[in-house]
Amino acid sequence: MCGITGLFHTRAAGEVDRALLARMNDSQHHRGPDEGSLHVEPGVGFGHRRLSIIDIATGQQPLFNEDGSVVIVFNGEIYNFQELVPELEALGHRFRTKSDTEVIVHAWESWGEDCVKRLRGMFAFAIWDRNRQTLFLARDRLGVKPMHYALLDDGTLLFGSELKSVLQHPRLARTIDPLALEEYFALGYVAEPRTIFKGALKLPPAHTLTVRRGQPVPAPREYWDVRFTLDNPISEADACAELTERLKDSVRLRMIAEVPLGAFLSGGVDSSAVVQAMAGLSDGPVNTCSIAFDDPRFNESAFAQMVADRYATRHRVETVVSDDYDLVDTLARLYDEPYADSSAIPTYRVSELARRHVTVALSGDGGDEMFGGYRRYRMHLMEERMRGTLPAGIRQPLFGLLGRVYPKADWAPRVLRAKTTFEGMARDSVEAYFHSVSILRAPMRARLFSPALRRELGGYDALDVFRRHAARAGTADPLALIQYLDIKTYLVGDINTKVDRASMAHSLEVREPLMDHPLVEWLATLPAGLKVRGGEGKVLLKKAMEPRLPNDVLYRPKMGFSVPLARWFRGPLKQRVRDAVLGERIADTGWFNAGYLRELVDHHQSGMRDHSAPLWTLLMFDAFLRTAEQQGAPSMPEAGAETSLAHV
């Protein structure tokens, strides 16, 4: 696990500013505190920050091939690297190290751009091949590891693990992309490939970028996608047995390390399944870490303790007070762009706890997406059945009217909160699912955004992100479609981003057995009924784990990893959220309607509505603006300016 950065002159091999490259590299010191190195040659500069995990003695980077003509900087882990060594040796390659990094170098030499298809793991890397005058960037299939890049007007291509690295370059303008604002306020994150800034992009998961000097920079190329065929005739009993073996294999590969290793144990099904597999593969007690909350509505630590006791793990628990809201500014600095998942707070804390005892931690991330665990999946399937009973000509006007007139009853029992369901029933499947996961839904964004910002958007709707992916899903199955959408959007933009930044803030490597791509491919062949059945999600995983985990862990209401925002914004953060949302910094952008901002704050703090999620989204946006200003950014534009959006 590391931080990588670099720059490449695409037009001609000019002199590289070594001091600038060093600043780009040092901005990611937290990702690799063990070592930092640079490689500079005409027209190319690579930087690397190392967190030593495998081949501590000889795995330093940048790393070269035998004759020094190919150099790599790499972030991540290749879990099948030991299997590839004999094959590459048979092709004539000679290894000087025992690192997975060197495997990638020789794989590139032998297989070129297709080398990524042979790699099993989480990765983002850059290769410079002097003989071919080619820069090659790659990102893993599910976007576990990040890669940002930017092409400047002088032909310089910048790249880095985190956005803060490429932002060190003085020629990269910090012009906010209005389309990114639309995505952020809809989803709580800026979706791939966009970033908050017009001039920078994210390399999408399962994509590579091949740039040859003297040629135009092409679009990234996709090398993998998951296909939900749902055509596996396997029985449930055989599927349980096969899942158990596949999970064991995935966990075994991720336990390879030369440093202390452990696991996050939340008390949920996913992390518990990972821990039980680790216990079966480990000679000694597994190190496990949990976060407890002093508010019982958010506390799952008792369930984590059940699993820890059953497998005699070396379990450590830390209680987070429910008023742990002092991380707002820290999170803004970590994520570099607006990011509004409040579970980043406990994720930051559990990473902090784990790093005191281990350098590598396995997690249960990806389980909800792969096995069908979200409550919203079950709600969507119920709505799909209802949508199928009424023709669109009747359904859309009827439920559209009900959605408009039915009150938003946040205070009422869940069964009476029908407004969202009515609104969803008036839409098609993709729009309905997008509506269900949006933080500020389309009517709210229409009221939030000023006329100036709406003109800048030019009709763009973040729904287009979902439409684009849905067109490539290759399935009409209602569950498979929304699983595919989540894999392409929420898993990458929210979950993986959250875990990568929070863990790397503490120089902790987190590995994800449930996102092993062979496992993901196999699960995509299974019928939907093995994932969601009736009112139960994760059917197959729970059935497979019944002999191995307590029923109280498997079959209990899902709590999630959340914090008490609603109470914070009516209590200890009441004035802070009011000052931020109604303050000068947000007002001076000219992007928002002041009257609606005041309505959101007043209605929430009076108890009339629960606007905690939109308010957190605005609070984190304000923190992003403040952080950008503190880093020496140009001043904001005058309020209401209708020219290009602000430089921050």
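The values are calculated or read from the model by the stated rules, or taken from the named source; none is laboratory data. For clarity, every value in this text was computed on a predicted model and none was experimentally measured. Methodologically, a virtual Cβ is constructed for each residue, glycine included, from the backbone with ideal geometry; neighbour enumeration extends over all protein chains shown. Surface accessibility is based on the protein's heavy atoms, side chains included, excluding ligands, DNA and RNA. Shrake-Rupley method; radii C 1.70, N 1.55, O 1.52, S 1.80 Å.
Condition first: out of contact with any strand residue (DSSP E or B) (no Cβ under 8 Å at 6 or more places or on another chain) and either surrounded by 24 or more Cβ atoms within 10 Å (Cβ to Cβ) or at pLDDT 95 or above (or both). Now tell me which residues in segment 502-514 satisfy that.
A502, L514
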Specify the residue that is modelled with the highest pLDDT; the eligible residues are those in segment 546-566 that are under 17 Å from G372 (Cα atoms), open to solvent by less than 90 Å² (accessible area, probe 1.4 Å) and outside any helix (DSSP H, G or I).
Y555
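Looking at this structure, is D494 in a helix (DSSP H, G or I), touching a Lys or Arg at 6+ places or on another chain (Cβ under 8 Å) and crowded, with 20+ Cβ neighbours inside 10 Å?
So D494 fails the test.
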Take the residues in segment 146-155 that are assigned to a loop (DSSP other than H, G, I, E, B) and more than 16 Å from I78 (Cα to Cα); name whichever of them is most open to solvent (accessible area, probe 1.4 Å).
D153
Would you mention how many residues in segment 313-364 are farther than 30 Å from G280 by Cβ, assigned to a loop (DSSP other than H, G, I, E, B) and open to solvent by 50 Å² or more (accessible area, probe 1.4 Å)?
3
Restricting attention to segment 160-182, which residues are in a loop (DSSP other than H, G, I, E, B) and of a type in the set (A, V, I, L, M, F, W, C)?
L167, L172, A173
Mind checking whether some residue in segment 273-280 is within 21 Å of the chain's Cα centre (by Cα) and at negative phi?
yes
Just the residues that are part of a helix (DSSP H, G or I), under 14 Å from F64 (Cβ atoms), in contact (Cβ under 8 Å) with a residue 40 or more places away in the chain and touching a strand residue (DSSP E or B) at 6+ places or on another chain (Cβ under 7 Å), please, taken from segment 104-145.
V105, E109
Among the residues of segment 576-598, what is the count of those that are surrounded by fewer than 16 Cβ atoms within 10 Å (Cβ to Cβ) and of a type in the set (D, E)?
2
Looking only at segment 6-24, count how many residues are open to solvent by less than 50 Å² (accessible area, probe 1.4 Å), at pLDDT 95 or above and of a type outside the set (A, V, I, L, M).
4
Test set (1) surrounded by fewer than 19 Cβ atoms within 10 Å (Cβ to Cβ); (2) within 21 Å of F8 (Cα to Cα); (3) touching a residue at least 40 places away in the same chain (Cβ under 8 Å) - T175 fails condition number
(2)
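Every residue, every condition in (1) touching a His at 6+ places or on another chain (Cβ under 9 Å); (2) in a loop (DSSP other than H, G, I, E, B); (3) modelled with pLDDT under 95; (4) open to solvent by less than 10 Å² (accessible area, probe 1.4 Å), yes or no:
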residue: Y184; (1), (2), (3), (4): no, no, no, yes
residue: P218; (1), (2), (3), (4): no, yes, no, no
residue: P233; (1), (2), (3), (4): no, yes, no, no
residue: T244; (1), (2), (3), (4): no, no, no, no
residue: I256; (1), (2), (3), (4): no, yes, yes, no
For segment 438-457, which residues satisfy the criterion of being open to solvent by 40 Å² or more (accessible area, probe 1.4 Å) and assigned to a helix (DSSP H, G or I)?
A442, P443, A446, R447, P451, R454, R455, E456
Touching a helix residue (DSSP H, G or I) at 6+ places or on another chain (Cβ under 8 Å) and closer than 20 Å to D365 by Cβ: does that describe R533?
no
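With respect to H169, is the statement that it is open to solvent by 10 Å² or more (accessible area, probe 1.4 Å) and either touching a strand residue (DSSP E or B) at 6+ places or on another chain (Cβ under 6 Å) or modelled with pLDDT under 95 (or both) true? Before you say what the answer is, go through the steps one by one.
Details: open to solvent by 10 Å² or more (accessible area, probe 1.4 Å): yes; either touching a strand residue (DSSP E or B) at 6+ places or on another chain (Cβ under 6 Å) or modelled with pLDDT under 95 (or both): yes.
Here the answer is yes, as H169 does meet what is asked.
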